[in-house]
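The values are calculated or read from the model by the stated rules, or taken from the named source; none is laboratory data. Remember, it's a predicted structure, so these values are computed and weren't measured experimentally. Cβ: placed from backbone, ideal geometry, glycine included. Neighbour counts: every protein chain shown. All accessible areas refer to the heavy atoms of the entire protein, side chains included, with ligands and DNA or RNA removed. Shrake-Rupley method; radii C 1.70, N 1.55, O 1.52, S 1.80 Å.
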Amino acid sequence: MDEHEFLAERFEESRAHLQAVAYRMLGSSADADDAVQEAWIRLSRTDGRQIENLGGWLTTVVGRVCLDMLRSRRSRREESLEARVPGADAPEPVLGPQPGSDPEQQALVADSVGLALLVVLETLDPAERLAFVLHDMFAVPFDEIGRIVDRTPAAARQLASRARRRVQGVDRVPDPDLIRKREVVDAFLAAARGGDFDALVAVLDPDVVARSDGGAGGAGAPTMVRGAASVARQAIMFAPFARSSQPALVDGAPAVISVREGQRFSVMRFTIERSRVVELYVIDDPARLPELDLVVLND
């Protein structure tokens with residue numbers, strides 16, 4: 001058996017797994033076929049003797065191919081035809097038998113992939129979808145996922161965490177403690193917008209600390225302001241930020257995102273204890289936003 005035949009045999013052993021990965025990523029059996037075929041083309045052009053873990057290598061390649069396809073699909077504002085839901089009676093997408101294939105392998109691809117899950121996955125950012133699918137469904141380590149999406153393992157973990165909350169519907173479950181904290185944030189924003197110094201002091205802890213990371217959008221160096229009066233004066237200067245803000249969660253903590261010309265450019269995270277703001281942390285560098293465990297909330 002020559003090297004090409006050996007690689008072809010090993011590839012066929014991984015085909016069902018690769019098809020399952022691609023189908024969950026793309027929500028379309030036709031697109032999944034294309035992604036798996038592209039993986040074979042890339043393998044056939046590679047020196048297989050240099051690949052220590054062929055299964056892992058193929059999974060990574062399929063992940064990258066699917067990520068490119070999802071990004072291209074989003075840029076064209078197209079949806080996978082099989083992921084569209086024209087009505088409640090729409091058939092659940094499954095893979096039909098393919099000529100020359102093992103029906104049991106085809107069943108593995110469709111196993112546990114319901115229509116509802118595919119619809120939710122379609123709402124995720126491509127990188128979030130990849131992180132969730134590869135880690136939560138196929139136990140791919142975050143260091144490998146990070147290499148696929150060009151991010152750190154920690155950032156890849158955050159992508160999966162964000163996606164997991166959306167899939168599980170955690171974002172939509174009211175949290176009484178979070179509601180109370182958002183009320184404090186809303187009071188802070190209203191006072192900042194109105195330039196109401198006394199109202200700002202009322203929602204700030206006497207020893208409150210305001211920090212800035214001094215990123216590209218800031219003054220160029222980290223800053224820190226301490227004390228309710230000092231932070232209140234600074235917050236009044238923050239009024240333009242407050243008027244263009246969106247409520248959010250950062251690492252599970254209440255936050256607001258500032259929007260400029262339709263683009264998010266900074267985040268303010270609140271630490272709240274006993275209904276008072278004890279710390280404000282402003283992230284001024286837009287380049288850091290993709291690394292945050294950031295969830296935008298409805299007003």
If you go through VAL209, VAL167, VAL201, the only one that is under 13 Å from ARG276 (Cβ atoms) and either in a helix (DSSP H, G or I) or modelled with pLDDT under 85 (or both) is VAL201
The residue that is farthest from the chain's Cα centre (by Cα), considering only those in segment 129-145 that are open to solvent by less than 10 Å² (accessible area, probe 1.4 Å) and farther than 16 Å from TRP57 by Cβ, is VAL133
Look at segment 9-50 and say how many of its residues are of a type outside the set (Ser, Thr, Tyr), farther than 22 Å from HIS135 by Cα and modelled with pLDDT under 85.
4
What pairs come out if I take residues in segment 155-167 that are free of Cβ contacts under 8 Å to residues at least 60 places away in the same chain and pair them with residues that are open to solvent by 50 Å² or more (accessible area, probe 1.4 Å) and part of a helix (DSSP H, G or I) whose C-beta lies under 7 Å away, six or more apart or interchain?
ALA160/HIS135; ALA160/ASP136; ARG164/ASP136
Within segment 261-275, which residues are under 23 Å from the mean Cα position of the chain (by Cα), modelled with pLDDT of 70 or more and not β-branched (Val, Ile, Thr)?
PHE265, SER266, MET268, ARG269, PHE270
Being within 19 Å of LEU204 (Cα to Cα), crowded, with 20+ Cβ neighbours inside 10 Å, modelled with pLDDT of 85 or more and under 18 Å from the mean Cα position of the chain (by Cα) is the requirement here; does ALA255 meet it?
yes
What is the residue count in segment 28-45 for residues that are outside any helix (DSSP H, G or I) and open to solvent by 50 Å² or more (accessible area, probe 1.4 Å)?
1
LEU54 meets each of (1) modelled with pLDDT under 90; (2) open to solvent by 40 Å² or more (accessible area, probe 1.4 Å) with one exception, condition (2)
Going through (1) touching a helix residue (DSSP H, G or I) at 6+ places or on another chain (Cβ under 6 Å); (2) modelled with pLDDT of 90 or more; (3) more than 28 Å from GLU13 (Cα to Cα) one by one, PRO126 fails only at (3)
